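Participant: Quick one: this structure, given as structure tokens, is what I'll be asking you about.
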Amino acid sequence: MGKLEIFMKGYLNGGIKITFLDNLFVIGAYINYDYNNNVIVILPMGGPVDRELFIPLSAIKTIGPCSINTYDCLEDD
């Protein structure tokens, strides 16, 4: 079995803001990526620690960095 490349290496274990196709968004810590199903796994802010959120790539409009301490998200220009 070959070594898998980390999806979005710079975002791993950091704050992330994901905006969905309907413009709703979620802020959390990016913890994993499921290669078999093309799903991003994050721990959303404000929820129980053991509640991972699985987000299919097909539902995502934009992905950007976000400070999970202050909710200070960087907007794309």
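The values are calculated or read from the model by the stated rules, or taken from the named source; none is laboratory data. Note that this is a predicted model, so its numbers are computed, not measured. Backbone-built Cβ (ideal geometry, glycine too); neighbour counts: all protein chains shown. The accessibility values were calculated without ligands, DNA or RNA, using every heavy atom of the protein model including side chains. Shrake-Rupley method; radii C 1.70, N 1.55, O 1.52, S 1.80 Å.
Participant: Just give me the residues in segment 26-47 being at pLDDT 80 or above, among the aliphatic types (A, V, I, L, M) and in contact with a Gly (Cβ under 8 Å, 6 or more places away or on another chain), in sequence order.
Facilitator: Answer for segment 26-47, where residues must be at pLDDT 80 or above, among the aliphatic types (A, V, I, L, M) and in contact with a Gly (Cβ under 8 Å, 6 or more places away or on another chain): Ile27, Ala29, Ile42, Leu43.
Participant: Evaluate segment 48-64: report whether one residue or more is modelled with pLDDT under 80 and either in a strand (DSSP E or B) or within 10 Å of the chain's Cα centre (by Cα) (or both).
Facilitator: No.
Participant: Can you tell me which residue within segment 1-20, out of those that are farther than 17 Å from Pro65 by Cβ and open to solvent by 100 Å² or more (accessible area, probe 1.4 Å), is modelled with the highest pLDDT?
Facilitator: That would be Glu5.
Participant: I need every pair where a residue in segment 33-47 that is more than 16 Å from Pro65 (Cβ to Cβ) has its Cβ under 7 Å from the Cβ of a residue that is at pLDDT 85 or above and open to solvent by 80 Å² or more (accessible area, probe 1.4 Å), sequence separation at least 6 or different chains.
Facilitator: Correct list of pairs: Val39/Phe54; Val41/Phe54.
Participant: Continuing with this model, one more query. Taking Asn23 as the residue in question, decide whether it is at positive phi, at pLDDT 70 or above and open to solvent by 30 Å² or more (accessible area, probe 1.4 Å). Before you say what the answer is, go through the steps one by one.
Facilitator: Details: at positive phi: yes; at pLDDT 70 or above: yes; open to solvent by 30 Å² or more (accessible area, probe 1.4 Å): yes.
Against the criterion (at positive phi, at pLDDT 70 or above and open to solvent by 30 Å² or more (accessible area, probe 1.4 Å)), Asn23 qualifies.
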